[in-house]
1. Go through the stretch 297-352 and count every residue that is basic (K, R), within 17 Å of Y271 (Cα to Cα) and out of contact with any helix residue (DSSP H, G or I) (no Cβ under 8 Å at 6 or more places or on another chain).
2. Going through A394, A362, A456 one at a time, which residue ends up being out of contact with any Gly (no Cβ under 7 Å at 6 or more places or on another chain), touching a residue at least 60 places away in the same chain (Cβ under 8 Å) and assigned to a helix (DSSP H, G or I)?
3. So the check is Cβ under 8 Å with 6+ separation or different chains; which pairs have a first residue in the stretch 309-326 that's hydroxyl-bearing (S, T, Y) and a second one that's part of a helix (DSSP H, G or I)?
4. Going through the stretch 257-276 one residue at a time, which ones are hydroxyl-bearing (S, T, Y) and at pLDDT below 95?
5. From the list F421, F468, F417, exactly one residue is crowded, with 24+ Cβ neighbours inside 10 Å and either free of Cβ contacts under 8 Å to residues at least 24 places away in the same chain or outside any helix (DSSP H, G or I) (or both). Which is it?
6. (1) without any contact (Cβ under 8 Å) to a residue 12 or more places away in the chain; (2) in a helix (DSSP H, G or I): which one isn't true of D352, the others all being true?
Amino acid sequence: MSEQRTGRETARNDKPLAAQSYVAPPPLMLWVIIGLILVAVLAGVAGVVVFRAVLLPAQQQRVIDQLPFMRAFLPPTPQGGVLPTALPQGESAISPEELLGAPLTLATATSAVTPVPTQSALADIVVSSATPAVTPQPTTALPSPTFTPYPTEVIPTPQGQGSLLAVAVSVPSRPSAERLFGIRHVKQTWNNCGPANLTMALSFFGWTQDQSVAAEYLKPNREDKNVNPGEMVAFVNERTGVRAVTRIGGTTGILKDFIAAGFPVIIETGYMPEGFDWIGHYQTVVGYDDILGVFYVYDSYLGTGENGEGIAETYSSLDTYWQHFNRTFIVLYEQAREGDVRAILGDLADLDLAAEHALAVAQAEARANPQNAFAWFNMGSSYTRLGRYEEAAAAFDQSRRVGLLPWRITWYQFGPFEAYFNVGRYDDVLALVNANLANGAQYVEETHYWNGRVLAAQGDIQGAAAAFRRALQHNPRYVDARAALERLNSQGN
């Protein structure tokens with residue numbers, strides 16, 4: 001009996017004994033744990049803030065390379081991923097229908113202010129000898145041809161293939177397939193496709209320097225988002241012993257002619273890597289094949305394709321993305337062959353005729369597809385080259401009404417700034433400037449230049465001078481910013 005009672009008593013005491021074995025942690029330890037959690041959270045938040053607001057883009061990319069999830073913390077892209085529409089109060093009275101039927105005769109621009117040459121104009125200058133970095137030079141004509149370029153047939157690209165650009169097809173006098181040998185592929189470093197492609201094309205002529213040499217000239221600030229074709233031409237002509245020329249309004253036939261004649265060609269093109277927004281890009285064309293209907297390109301980002309032969313791009317696909325930059329191309333050549341380059345260029349050797357050709361193509365593409373924002377944008381760019389600013393502004397307005405232009409396009413092409421400025425639409429210029437400043441183009445010197453032009457026109461001399469100085473901080477070789485600043489200084493004296 002006593003044993004049973006003892007057992008029951010022991011059983012009754014099991015639970016209290018277990019409870020008594022638990023010892024609560026000291027209050028201080030609990031607060032330490034809570035404090036550590038708060039510190040970790042605050043450190044994470046501070047890290048995201050530093051990543052987004054303090055680190056430069058190149059530094060952000062290095063973080064993303066190691067911690068891919070950090071891409072989610074990048075500043076948001078503009079809503080809809082497109083360029084802001086034009087301000088309603090500033091839109092041109094010229095209708096889209098009038099633009100499509102506008103004659104292609106040169107006209108004197110009617111603008112609210114006197115236009116001043118801009119750096120973008122350098123993209124169409126042929127320089128026959130080395131030129132000072134900050135002294136604009138007049139355009140010089142290419143010499144007469146020394147050979148007859150390959151004759152071509154011209155057929156329209158089928159509708160739905162990207163454009164109505166006339167495509168030159170092979171005839172017996174031009175090889176059905178050709179490629180350039182001796183071009184050394186260069187893998188670009190951060191944000192460096194311009195210098196990398198220029199280094200590739202120069203290697204055809206025995207250039208052995210790496211891309212850093214071109215980058216030091218073209219991008220004094222490594223965060224510079226844009227190296228324009230005119231700057232690339234200036235580097236070649238001033239620093240290499242090789243010659244270069246750039247034009248708008250290229251054709252696939254001209255690309256083939258240059259390759260068949262032994263000239264490397266760089267094209268400026270739109271590019272959309274999978275999972276990324278649209279960006280501007282350069283590629284070096286190294287060959288073509290009419291039977292397969294492809295060009296072969298060396299891409300500083302994607303590589304050289306199968307067996308190093310070049311990445312194959314169909315004629316229509318290459319032209320579709322080339323259209324995004326009004327079919328701009330850069331040809332490199334030896335001085336002795338400048339006449340051959342002139343022969344292949346034909347009418348495109350003349351700056352005005354090249355712009356008129358590009359305008360006619362853009363008009364045809366806009367008629368075929370009125371929702372093609374790039375066609376309207378190219379019309380604006382071509383009208384700007386011709387000094388027809390009222391029509392250019394109207395074309396840019398229509399391109400923005402369509403609403404499909406990528407938001408980065410004004411990192412690379414500045415026709416809208418120039419056209420709106422020269423018809424006195426300063427609010428529209430500032431809207432584009434502010435969009436650029438908010439979305440990464442604070443590292444594009446042209447953004448500050450056009451900001452300064454508007455401020456100067458509005459009488460804010462100090463603000464304008466500060467803007468021009470910011471442009472020169474990004475690129476001390478920026479001719480237009482230096483000239484504008486000097487004008488302000490001379491007025492102050």
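The values are calculated or read from the model by the stated rules, or taken from the named source; none is laboratory data. This one's a predicted model, so the numbers in the text were calculated from it and none came from an experiment. Neighbour counts are summed over all protein chains in view; Cβ atoms, including those assigned to glycine, are modelled from backbone coordinates with ideal geometry.
1. Of the residues in that region, 0 qualify.
2. Details: A362 fails: touching a residue at least 60 places away in the same chain (Cβ under 8 Å); A456 fails: touching a residue at least 60 places away in the same chain (Cβ under 8 Å).
Result: A394 is the single residue among A394, A362, A456 that is out of contact with any Gly (no Cβ under 7 Å at 6 or more places or on another chain), touching a residue at least 60 places away in the same chain (Cβ under 8 Å) and assigned to a helix (DSSP H, G or I).
3. Listed by first residue and then by second, the contacts come to Y315/T252.
4. Result: Y271, single match.
5. So the residue among F421, F468, F417 that is crowded, with 24+ Cβ neighbours inside 10 Å and either free of Cβ contacts under 8 Å to residues at least 24 places away in the same chain or outside any helix (DSSP H, G or I) (or both) is F468.
6. Of (1) without any contact (Cβ under 8 Å) to a residue 12 or more places away in the chain; (2) in a helix (DSSP H, G or I), only one is false for D352: (1).
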